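The values are calculated or read from the model by the stated rules, or taken from the named source; none is laboratory data. From a predicted model like this one, the values you see are computed outputs, not experimental measurements. Using ideal geometry, Cβ is built from the backbone for each residue, glycine included, and neighbour counts are taken over all protein chains shown.
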Amino acid sequence: MEIVKRPARMTFLARETRARGERIGFVPTMGALHEGHLSLVRRADQASDLVVMSVFVNPIQFEVGEDFRSYPRDLPRDADQARAAGVKVLYAPEVSDVYPPGYRTHVTVDGIDTALEGASRPGHFRGVATVVTKLLNRVTPHVAFFGQKDAQQAVLIRRLVQDLEMDVEIEICPTVREPDGLALSSRNVHLSAAERRAAPVLHRALCRAETAIREDGTRKPEEVVDQIREIVATEPLVSLDYAAVVDAETLEPVETIRGTVLVPLAARVGASRLIDNVIVKLEG
Ligand code: AMP
């Protein structure tokens with residue numbers, strides 16, 4: 001595995017790979033790798049000839065006061081894990097190479113960037129859309145892999161690739177969880193022991209939501225959200241930011257549950273903000 005710092009070197013390797021007629025599979029990350037990231041690498045390894053992973057903590061997707069500085073960083077450890085999982089090129093550019101002095105261009109995906117997570121984190125998705133566009137331009141993958149864990153990000157990226165006519169396939173991979181249901185996240189390392197014990201309530205609430213829709217026949221979004229609220233309220237260390245039932249493709253609120261819906265939520269657990277979601281597909 002080669003660790004690449006320079007954007008020009010990344011371009012060179014990508015061109016060489018494409019010239020050989022080989023497929024590039026790309027897994028963008030912010031590092032602090034865990035099994036969720038590695039599941040994307042293994043999928044990329046099956047689907048392509050050269051797996052490129054980026055590790056870049058993107059400053060412009062963090063708001064003032066968010067955890068950009070304290071975001072966990074450990075490139076040597078990430079490199080070991082990436083290598084073992086099948087990454088051939090680890091692209092870890094410097095902030096000053098991605099956003100040099102004079103940088104002024106940003107990508108916004110109207111509507112999607114202000115809904116749900118966007119309402120709590122203004123500017124976040126503009127930062128995500130911008131860096132993903134730049135990374136896709138640099139790495140020129142045939143296919144790029146993202147996790148369902150970040151459901152809104154997945155919708156945003158599918159939209160932006162379509163809207164900007166980018167020649168890349170987007171594949172969304174399932175959320176990897178701890179045995180107790182907590183979705184793996186780089187931010188879980190910040191949880192205290194008590195917070196860690198409390199956090200799986202989010203997954204329990206989502207399972208309850210799925211049962212309410214699928215088995216109890218609940219069709220009113222507010223009733224599903226009420227059930228989520230009730231369950232999360234049983235854990236004093238967890239404070240729900242939002243829960244919603246939305247159209248899985250547009251993220252718009254639904255009046256009546258039918259077809260395929262996404263149930264996303266976000267909560268504060270101590271100093272950490274955790275997100276999770278479930279997709280519920282109704283037959284017929
Ligand atoms: P991040 O490093 O948090 O920006 O995540 C990089 C990629 O890994 C994104 O596509 C995430 O959606 C994905 N990811 C993060 N956590 C998980 C997880 N628990 N299961 C599956 N994919 C994940």
Q) When you go through (1) more than 20 Å from the chain's Cα centre (by Cα); (2) more than 21 Å from Leu38 (Cβ to Cβ); (3) surrounded by fewer than 18 Cβ atoms within 10 Å (Cβ to Cβ) one by one for Asp247, which number turns out not to apply? A) (1)
(Q) Between Gly118, Gly102, Gly123, which is farther than 20 Å from Val168 by Cβ and without any contact (Cβ under 8 Å) to a residue 24 or more places away in the chain? (A) Gly102
Q: Test Ala144 against the criterion of being of a type in the set (A, V, I, L, M, F, W, C), within 22 Å of Val263 (Cα to Cα), within 12 Å of the ligand (Cβ to nearest atom) and at pLDDT 95 or above, and give yes or no.
A: no
Q: Determine which single condition Ile112 fails, assuming it passes every other condition in (1) within 28 Å of Asn188 (Cβ to Cβ); (2) among the hydrophobic types (A, V, I, L, M, F, W, C); (3) at pLDDT 95 or above.
A: (3)
Q: List every residue pair whose Cβ atoms lie under 7 Å apart, where the two residues are 6 or more positions apart in sequence or sit on different chains, the first residue falls within the stretch 172-192 and is within 14 Å of Leu33 (Cα to Cα), and the second residue, located anywhere, is among the β-branched types (Val, Ile, Thr) and within 12 Å of the ligand (Cβ to nearest atom).
A: Ala183/Thr175; Leu184/Val176
Q: Considering only the stretch 141-168, state which residues are more than 22 Å from Leu265 (Cβ to Cβ) and either assigned to a strand (DSSP E or B) or among the β-branched types (Val, Ile, Thr) (or both).
A: Val143, Ala144, Phe145, Val161, Val168
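Matching residues to (1) buried (at least 16 other Cβ atoms within 10 Å of the Cβ); (2) under 20 Å from Val254 (Cβ atoms); (3) of a type outside the set (Gly, Ala, Ser); (4) away from the ligand (no atom under 13 Å from the Cβ):
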| site | (1), (2), (3), (4) |
| --- | --- |
| Gln162 | no, no, yes, yes |
| Asp167 | no, no, yes, yes |
| Pro174 | no, no, yes, no |
| Ala193 | no, no, no, yes |
Q | Single unsatisfied condition, Leu136 versus (1) surrounded by fewer than 19 Cβ atoms within 10 Å (Cβ to Cβ); (2) within 16 Å of Met10 (Cα to Cα); (3) of a type outside the set (Gly, Ala, Ser) | A | (1)
Q.
I'm checking my understanding of the structure. Among residues of the stretch 16-36 that are touching a residue at least 60 places away in the same chain (Cβ under 8 Å) and in a helix (DSSP H, G or I), which one is nearest to the ligand (Cβ to nearest atom)?
A. Gly36
(Q) Please go through (1) more than 17 Å from Thr140 (Cβ to Cβ); (2) in contact (Cβ under 8 Å) with a residue 24 or more places away in the chain for Asp80 and return the number of the only condition it doesn't satisfy. (A) (2)
